[in-house]
Structure formats: structure tokens, C-alpha cells
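The values are calculated or read from the model by the stated rules, or taken from the named source; none is laboratory data. Being a predicted model, the structure only gives us computed values, none of them experimental. No Cβ is skipped: glycine too gets one built from the backbone with ideal geometry, and neighbour counts run over all protein chains shown.
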Amino acid sequence: MKKQLSNILRLTLVLGFLYSCDATKRVAKDEHLLTETSIIVNDKKNNTEEINNLLYQTTNRKILGTPLRLHIYNTARPNRDSLFEAWLDKKPNRRARLEKKYSKKQIDKLKESAIGFNNWLKRTGEAPTILSEEKTKRSTKRLEDYYFNNGWFNVKANYNIERNDNKRAKVDYTVKTGPAFLIDSIAKTVKSPIVDSLYKKIQDKALIVQGEQYRTSSFEQERERISTELRNLGVYHFNQDYVTFEMDTIGTNKKVNVGIKIQDRAIRTADSIRREPFKVYYIDDVNIITDYTFENRNKPFQDSISYGGFKLFSYGKMRFRPKALTDAVFISPGKVFRDLDRTRTYSYINQLRTFKYPNIEYFENPDNTLKSTIRLTPLKKFNLDFSADVSQSDIQTVGFSLNPSLQIRNIFGGAETLAISGIASIGASKDLREDGDPFFDINEFGADLKLTIPRIFSPFYTENIIPKYMSPSTSIGLATTSQTNIGLDKQTFSGNFSYNWYPNKQVSNRLDLFNIQYVRNLRTENYFSIYTSSFNSLENIALESYNTPSEFIELDGNENEQLIEEKADEFIDLVLSDTSYESTNASDYLTVSNIDERKKRLTENNLILSSAFSFTQDNRTNLVDNDFSIFRFKLELAGNLLASTSKLLGLNKDSDDRYELFNVAYSQYVKTELDYIKHWDLGKKNTLATRAFFGIAIPYGNSNSIPFSKSFFGGGPNDNRAWAAYSLGPGSSESTNEFNEANLKLALSAEQRFNLFGNLNGALFVDAGNIWNVLDNVEDDNATFTSLSSLKDIAVGSGFGLRYDFSFFVFRFDIGFKTYDPSYTDQNRWFNDYNFANAVYNIGINYPF
């Protein structure tokens with residue numbers, strides 16, 4: 001408690017110091033610092049970001065009510081260069097003495113350092129906002145324009161400036177809008193007959209609607225919509241300039257009569273402009289140049305192919321199968337011209353990752369048809385890359401890794417890409433290396449092959465289900481790793497066959513037709529050497545609660561009794577076969593049973609054959625969009641194919657009555673995940689971000705538990721940040737396991753992000769959630785979700801963090817405090833460990849959600 005009071009006192013003193021700083025330090029005598037602005041619209045204060053952004057002048061930004069960046073700016077000296085020179089010459093011999101001692105070059109560096117730090121203060125800080133009446137007038141005019149363009153044609157705006165003797169000023173803006181004007185009649189005049197008939201087909205989607213309030217932006221969007229729609233219906237020469245509007249408000253009683261005019265095509269000649277009706281254009285020829293370069297532009301073609309109405313040309317030997325390229329082109333001979341086809345062609349060709357950005361041109365024929373020429377410049381067939389890494393961790397003194405990768409484009413002539421990558425790493429453990437072991441006693445080797453095919457690879461025709469404008473692709477992957485470390489060595493093998501497609505810019509789908517994973521654990525006899533918490537619990541029972549035979553006990557170097565690690569499995573079997581002990585010491589018996597179940601699950605080999613479907617809807621418009629939502633859904637089914645064919649294949653069962661394939665019991669379960677993220681842009685680099693996650697995996701049939709690699713965990717830099725990864729839960733159990741996991745997870749997070757100065761941002765966050773066991777073989781009530789009352793075991797963490805934006809990634813540092821800890825089962829759970837000593841410090845790259 002004393003520590004907390006001391007920290008609060010320090011924080012109060014710092015805030016008090018900042019508050020007491022003179023904000024007008026750099027404000028001249030005849031100037032005023034703008035400290036407050038208000039906008040009153042129809043006698044009500046308007047604080048919305050949209051309206052405040054209309055002002056040309058706003059007050060200096062504040063953090064906790066203090067203009068921190070202004071104070072930082074004020075600490076900089078206005079003329080640091082001349083001040084340094086004056087300091088050198090203040091005493092007659094100072095410059096000569098320093099030059100004699102250091103050299104002129106060193107003194108110049110000292111000067112540059114002083115000036116550089118001074119400039120850094122100015123860049124990091126924020127100059128005082130000096131009141132400008134000219135900008136105030138411009139702001140008033142902009143407010144009037146905003147409301148006028150949104151239908152309040154009789155709007156009036158004024159301002160009032162209040163200048164105080166302490167060199168501070170306040171500006172009040174008042175806006176009287178009057179009644180809003182509504183759109184009344186809409187008349188249309190279309191010159192070209194073909195455009196008139198096409199316009200009738202698209203006018204039901206009009207953005208200008210009778211009865212709605214007038215908005216200038218609606219008219220601009222309507223011009224763009226009409227132009228886009230008509231160009232996608234074959235009107236090649238059409239653009240927005242041909243659409244004009246006429247508005248009439250005279251004697252209409254606050255109504256706007258709108259006239260829409262679409263003119264004929266304007267054709268410019270040497271000295272005049274003539275008008276002709278628009279025509280619908282069709283595509284005549286589509287020529288694809290497969291190996292275009294600037295150097296080849298005037299050379300004759302050496303190879304050409306006609307395929308499906310397309311004409312393909314090559315300056316050298318044709319290296320691509322025609323269908324692979326024509327599938328990527330949406331501009332088709334004999335079809336009506338559509339701008340959309342060119343856009344989709346650009347997108348599809350880019351996703352092939354085989355060519356540079358393509359060049360697509362149209363040429364007009366005398367018969368009102370179009371010829372399209374598509375120039376493709378292939379990327380290099382081979383791309384070799386290397387990356388290396390040096391690392392250090394809690395269990396590793398030092399580690400080195402090498403990751404070579406080779407990318408082969410167009411490997412089979414159909415724009416396929418084969419990526420081959422590998423990993424080779426070695427490391428030296430800190431504490432668990434035994435005498436005689438080599439210094440580098442940790443290693444991992446692996447290889448990964450991934451083939452990407454730019455279409456649905458299937459014996460069936462899928463164009464009607466997944467059309468090519470969805471940019472479908474097939475991914476086939478194989479990977480294997482062999483890991484030797486300080487404990488449970490393992491070998492893994494995985495393979496997958498997946499389809500990906502994108503119905504629109506916001507939605508992506510992935511279907512894992514099959515995904516196979518095989519994990520083989522080696523050196524399982526080392527289990528209790530690695531999972532020491534389980535062994536310690538077992539040893540406590542052996543020495544204190546159970547009448548353990550002497551052959552299981554030995555003396556350590558201090559003559560203290562200890563359980564023989566090599567006999568731990570025998571001791572477990574002994575306890576679990578003792579029915580009398582179960583009745584007299586049910587709690588300890590259950591603990592031994594749980595340790596045995598966990599050991600079997602973490603050391604058994606896994607064979608997982610699954611299928612999965614993933615759906616993602618991402619509403620972000622660009623990388624800097626801070627007002628969006630993301631929804632993800634995934635459904636995974638494992639083991640059903642093997643379960644339905646087990647008897648047919650004549651598979652044998654193990655001692656637990658589970659079917660085995662290659663002497664491994666295959667996993668069978670259903671798993672689903674729901675993830676929703678929502679960001680609100682509050683303006684001034686201030687964002688509220690929230691996340692909700694729910695996941696559940698239910699074993700059935702051939703399994704009574706979920707494989708470790710498919711289970712859920714809580715805690716860590718991207719989850720509940722008040723707990724380290726794998727340390728939270730399950731439920732309210734006071735587990736000391738190194739890795740806590742379960743098959744049900746609920747997570748909720750909210751984070752307020754704000755700018756401190758420059759590229760440095762801050763955040764305040766609250767995380768809530770936990771993991772539980774449900775519908776599996778775990779019998780611990782504290783770790784199991786039994787009813788809605790189990791929600792009282794939701795852990796709550798809160799804290800703050802810093803983020804530095806490097807543009808291409810964000811470096812993140814968070815401090816999480818345990819606010820509500822469900823492991824305190826018999827006492828108050830709030831704020832027991834809410835201090836820096838028990839805080840969790842997280843480092844991450846990019847935002848957690």
C-alpha cells in the first residue's frame with residue numbers, strides 16, 4: 001500500500017509540474033495563445049470531429065488536461081545557434097581554451113549536438129497556436145460552406161473572440177442553419193437514344209432521391225455512379241463531364257427542383273466541336289504480349305498462338321500455357337466493353353505474382369469496335385533469399401538460425417509458383433544441459449514446399465460456383481521439421497490442399513479440403529524433467545500424503561528424501577490402482593489422475609486429418625483507416641473420414657478402445673472460432689479498438705480430448721496482457737503448470753489509443769477472458785465450464801502501453817496488471833496483485849487487434 005501511495009504521489013507531482021509550466025512562454029506581447037474554441041449550432045454545442053475539423057485553428061492538443069507537447073516545445077531555445085556562440089565568447093579566453101584542449105572540429109560537433117537536441121525538442125513538441133483573426137474568419141466561412149453544401153441554404157455563421165490579459169484567448173463560433181432544403185421534383189434530359197435506354201436500367205440505384213435532404217456530395221457521387229455504370233455497359237467514350245445538374249429553389253418553399261442533363265458525345269476537330277450520339281462499343285481483338293520489355297518493343301514476334309479468340313505473341317519462345325493467361329484476362333473478344341473488365345484483369349494478373357504491373361490499352365477501330373493490347377513483363381523465374389537471426393530467451397543462452405528460400409515462377413508453364421524454404425537453427429541451453437553435452441544442444445531442421453496454382457485445381461468444372469473474377473487459387477503444401485532440444489524432442493510432418501477465393505474486396509474465403517498433421521514425440525522419458533511443476537506436485541503427494549514404498553524414494557545431496565524421477569510413472573500407476581486411497585484422499589488422487597492424463601496427452605503422438613472453412617470480412621479501405629470492423633469465422637472438422645472408414649480399412653484399436661492408423665490413434669473433433677474486431681476513429685489520432693473472441697473444440701468419437709496443438713490458451717502480448725502466455729486458467733484452478741490450455745475460450749478487449757507526440761503513441765486497455773475445459777475428460781470442477789455461473793471466473797487485466805510507429809511496423813510495449821484474478825477462490829479477487837511487482841511486461845510487433 002505504501003508503494004502505491006508513493007507512486008501516486010510521484011505521478012501527482014509530475015502532473016502538477018507540467019500543469020504549472022507557463023504555456024505562454026513563447027507567446028509575444030501583442031499575441032494571444034488560443035486555449036479554447038467552441039462551436040454553437042442552433043444554440044447547442046457541437047463537439048463532433050467532423051465539425052471541429054472544419055476549423056483552420058484549433059487549440060494545442062492536451063494529454064490528461066495538460067498541453068504536454070506545447071511544454072516540450074517551450075523548453076527549446078529559440079536561437080540555440082547564436083546562444084551557443086554567445087556562450088563561447090562570454091569569457092575572453094573560453095573559445096581559445098576549448099579549441100586548444102579539444103580542437104575546432106570537436107567544438108563544432110558539440111555545437112551540432114546542442115542544436116540537434118534543441119531541434120528535436122521543437123520537432124517533438126508542438127508550437128503554440130497563436131490566435132489569428134484571419135484564420136478565424138476563414139473558419140467561419142468554411143462552417144457556412146459546410147452547412148450550405150448539406151442543404152441549409154439560409155445558414156449564417158459568426159464568431160466572437162475573447163482576449164484575456166494573461167495572453168490567452170477564446171473563440172466562440174455560432175451557426176444558425178435555418179430549415180434544411182429537401183429534393184422535390186427530378187427531371188431528366190438525355191440526348192443520346194442508346195444512353196437514354198441504358199440510363200433507365202440504372203436509375204433505380206440513383207443517389208439523388210425525392211424527399212431527401214440536399215447534399216452537394218450526393219450530386220458528385222451520382223455523376224461518378226452514372227459514368228461508371230454507363231462505361232460498364234459499353235459506352236466507351238463516356239465520362240463525368242457529360243453529366244450536369246440544374247437546381248431551382250425560387251418559390252419552392254424550401255424545396256429543390258433538380259434537372260439532370262446527359263449530353264451527346266463531344267468530338268473535337270481542328271477548329272470546332274461537334275456533337276454525336278454515344279454508341280456502345282464491342283471488343284474485336286485481344287492481343288496478349290507475354291514477354292514485353294522496352295528493349296523488345298520494335299522487334300518482330302518469334303512465336304504466336306490463337307486460343308479461345310485471344311491472340312498471344314512472344315518475342316522469344318512461348319513459355320506460358322495459353323489458358324493460364326487467358327483465364328487471367330476478363331476482356332473477351334465479342335463482348336461489350338466494360339471498364340470493370342480492365343480493373344479485374346489488372347487485379348488477377350497482379351495476384352499471379354509472375355509479371356510486373358501490366359499495361360492494358362484500347363485502340364478504336366473504324367467500325368466502332370475496340371482492340372485491346374495487354375503487355376506482360378515476366379519477373380525473374382528464380383528468386384533466392386536468405387535470412388539469419390540471432391536470439392536469446394529464458395531457456396536459451398544464444399541461438400542462431402538460417403532461413404533460405406527459393407521461389408520458382410511459372411514452374412509448369414501455367415503461372416504456378418513453387419516456394420521452397422528451409423530452417424536450420426542451433427542454440428545453447430541455459431540450465432538444463434548435462435555434463436558431456438555439446439555446447440549447442442538445441443537444434444531444429446525443417447523444410448517447407450508450397451505450390452500455388454492460380455485457379456481451382458479440380459477435376460470438376462467450378463466456374464459457375466467460384467467464377468474467375470473472385471481470383472481463385474489452389475495451394476498445395478508439404479512441411480517437415482525435426483527438433484532436438486532440452487526436453488521432449490519431436491518430429492512433425494504436415495500437408496495441406498486448400499482453395500482460396502475473394503468474392504469482393506472485403507471478403508476472403510479459404511477451404512482446406514484436407515489438412516494432415518503428424519507429430520511424433522521423442523524422448524518422452526524426459527517429461528518430468530521438463531514439466532517440473534507436475535513432478536513437484538507428484539513428489540509432495542509421495543512424501544506427505546501417500547504411504548510410498550521405499551523403492552520409490554531416495555536421498556538428495558542434503559540427505560532430504562525425494563521421489564525418484566525415473567519411477568514417477570510407476571508411482572502414478574501405483575496410486576491410481578489404490579482404490580482405498582481414492583476414497584480417503586480424493587483430492588490428491590484426483591491430482592495424480594490429472595497429472596497422468598496431462599502427461600499422456602502431451603507425450604502421445606498425434607495424427608490429425610481435418611477439413612476446415614474460413615471466412616473473413618475486412619471493411620478496411622486502406623492501411624491508415626481507423627474506422628472499420630473485421631469479422632472472422634472458422635469451422636474445422638477432424639477425423640470424420642477416418643471414422644467412417646475405420647472398419648472398412650480394418651484398423652485396430654489401442655488399449656483405450658481408439659482406432660489407430662500407423663500405430664497412432666487419430667484425433668476426432670469439431671472446432672469453431674468467432675472473432676470480431678471493431679475500431680472507432682475518434683479524431684486527432686485517437687482510436688477506440690475492441691475485440692471479442694469465442695472458440696470451442698469438442699472431442700468425440702475416437703477422441704476424449706483435444707490435441708495440444710489445437711487447444712486454446714490465455715495470456716500473452718496479444719491476449720490478456722496481465723498474464724504471461726499459457727499462465728491463465730483454466731477457470732479458477734490454481735494451476736502451476738508450465739503450459740495451461742483448454743478447449744473453450746472467451747476473450748474480450750478494449751483499448752484506447754492516442755498520440756503522445758510524433759510517432760510515439762500511448763494506449764490504455766482492459767482485457768477480460770479465460771479458458772475452460774468442457775465436454776472432454778477433465779474432471780476438475782474449477783477448470784471446467786459447467787454453467788453460466790462459470791463466467792464469474794473471467795479474468796480481468798488492465799494497464800497501459802507505448803507504441804512507436806516505424807511506418808512499416810509498430811513496436812509495442814505494454815504493462816498489464818491483474819485486476820480481477822479468479823485463482824483467488826476463497827477471498828476477494830479484485831486488485832490483489834495490482835502493482836508493478838506482479839505486473840506482466842509485454843513486447844510485441846504491431847497492434848494486438
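So the values come out like this:
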| read-out | value |
| --- | --- |
| Qualifying residue in the stretch 839-849 (condition: over 18 Å from Gly714 (Cα atoms) and either surrounded by fewer than 21 Cβ atoms within 10 Å (Cβ to Cβ) or touching a helix residue (DSSP H, G or I) at 6+ places or on another chain (Cβ under 9 Å) (or both)) | yes |
| Tally, over the stretch 202-212, of residues that are surrounded by 13 or more Cβ atoms within 10 Å (Cβ to Cβ) and not in a loop (DSSP other than H, G, I, E, B) | 2 |
| Any hit, the stretch 772-781, residues being aliphatic (A, V, I, L, M), outside any loop (DSSP other than H, G, I, E, B) and either modelled with pLDDT under 90 or surrounded by fewer than 20 Cβ atoms within 10 Å (Cβ to Cβ) (or both) | no |
| Residue list for the stretch 337-373, filter: among the charged types (D, E, K, R) and in a loop (DSSP other than H, G, I, E, B) | Arg338, Arg353, Lys356, Asp367 |
| Residue count for the stretch 665-713, restricted to those that are hydroxyl-bearing (Ser, Thr, Tyr), within 19 Å of Gly729 (Cα to Cα) and in a loop (DSSP other than H, G, I, E, B) | 2 |
| The stretch 537-566, residues that are under 48 Å from the mean Cα position of the chain (by Cα) and not small (Gly, Ala, Ser) | Leu538, Glu539, Asn540, Ile541, Glu565, Glu566 |
| So Asn166, is it more than 28 Å from Thr343 (Cβ to Cβ) and either part of a strand (DSSP E or B) or out of contact with any Lys or Arg (no Cβ under 8 Å at 6 or more places or on another chain) (or both) | yes |
| Enumeration of residues in the stretch 681-709 that are closer than 30 Å to Glu50 by Cα and not small (Gly, Ala, Ser) | Asp681, Leu682, Lys684, Lys685, Asn686, Thr687, Leu688, Thr690, Arg691 |
| Residues of the stretch 752-771 classified as under 22 Å from Lys792 (Cα atoms), crowded, with 20+ Cβ neighbours inside 10 Å and of a type outside the set (Val, Ile, Thr), total | 4 |
| From the options Lys792, Lys818, residue that is of a type in the set (Lys, Arg) and in a helix (DSSP H, G or I) | Lys792 |
| Single condition Ile331 does not satisfy, out of (1) within 18 Å of Ile453 (Cβ to Cβ); (2) in contact with a strand residue (DSSP E or B) (Cβ under 8 Å, 6 or more places away or on another chain) | (1) |
| Of the criteria (1) of a type in the set (S, T, N, Q); (2) surrounded by fewer than 15 Cβ atoms within 10 Å (Cβ to Cβ); (3) at pLDDT 95 or above, which one Asn253 fails | (3) |
| Output for the stretch 344-368, where each listed residue is hydroxyl-bearing (Ser, Thr, Tyr) and either farther than 23 Å from Asn410 by Cα or in contact (Cβ under 8 Å) with a residue 12 or more places away in the chain (or both) | Thr345, Tyr346, Ser347, Tyr348, Thr354, Tyr362 |
| Number of positions in the stretch 792-849 that are among the β-branched types (Val, Ile, Thr) and within 14 Å of Arg721 (Cβ to Cβ) | 5 |
| Strands (runs of 3 or more DSSP E) completely within the stretch 213-281 that count 1 or more residues being free of Cβ contacts under 8 Å to residues at least 40 places away in the same chain and within 25 Å of Val336 (Cβ to Cβ) | 243-248, 265-268, 273-276 |
| Condition check for Arg321: at pLDDT below 95, out of contact with any helix residue (DSSP H, G or I) (no Cβ under 8 Å at 6 or more places or on another chain), surrounded by 12 or more Cβ atoms within 10 Å (Cβ to Cβ) and of a type in the set (D, E, K, R) | yes |
| Options Ile572, Ile595, Ile608, Ile564; residue that is in the same structural domain as Glu539 (by TED's automatic domain parsing) and touching a residue at least 60 places away in the same chain (Cβ under 8 Å) | Ile595 |
| In the stretch 124-145, the residues that are surrounded by fewer than 14 Cβ atoms within 10 Å (Cβ to Cβ) and in contact with a helix residue (DSSP H, G or I) (Cβ under 9 Å, 6 or more places away or on another chain) | Ala127 |
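Let's see how each residue does on (1) modelled with pLDDT under 85; (2) aromatic (Phe, Trp, Tyr); (3) under 22 Å from Asp681 (Cβ atoms); (4) surrounded by 14 or more Cβ atoms within 10 Å (Cβ to Cβ):
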{"position": "Ser6", "(1), (2), (3), (4)": "yes, no, no, no"}
{"position": "Leu18", "(1), (2), (3), (4)": "yes, no, no, yes"}
{"position": "Arg26", "(1), (2), (3), (4)": "yes, no, no, yes"}
{"position": "Lys29", "(1), (2), (3), (4)": "yes, no, no, no"}
{"position": "Lys44", "(1), (2), (3), (4)": "no, no, no, no"}
{"position": "Asn47", "(1), (2), (3), (4)": "yes, no, yes, no"}
{"position": "Asn52", "(1), (2), (3), (4)": "no, no, yes, yes"}
{"position": "Tyr56", "(1), (2), (3), (4)": "no, yes, yes, yes"}
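Here's the yes/no breakdown for (1) under 30 Å from Ile698 (Cα atoms); (2) of a type in the set (A, V, I, L, M, F, W, C); (3) at pLDDT below 85:
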{"site": "Gly557", "(1), (2), (3)": "no, no, yes"}
{"site": "Ile564", "(1), (2), (3)": "no, yes, no"}
{"site": "Leu576", "(1), (2), (3)": "yes, yes, no"}
{"site": "Asp588", "(1), (2), (3)": "yes, no, no"}
{"site": "Glu597", "(1), (2), (3)": "yes, no, yes"}
{"site": "Asn606", "(1), (2), (3)": "yes, no, no"}
{"site": "Phe613", "(1), (2), (3)": "yes, yes, no"}
{"site": "Asp618", "(1), (2), (3)": "yes, no, no"}
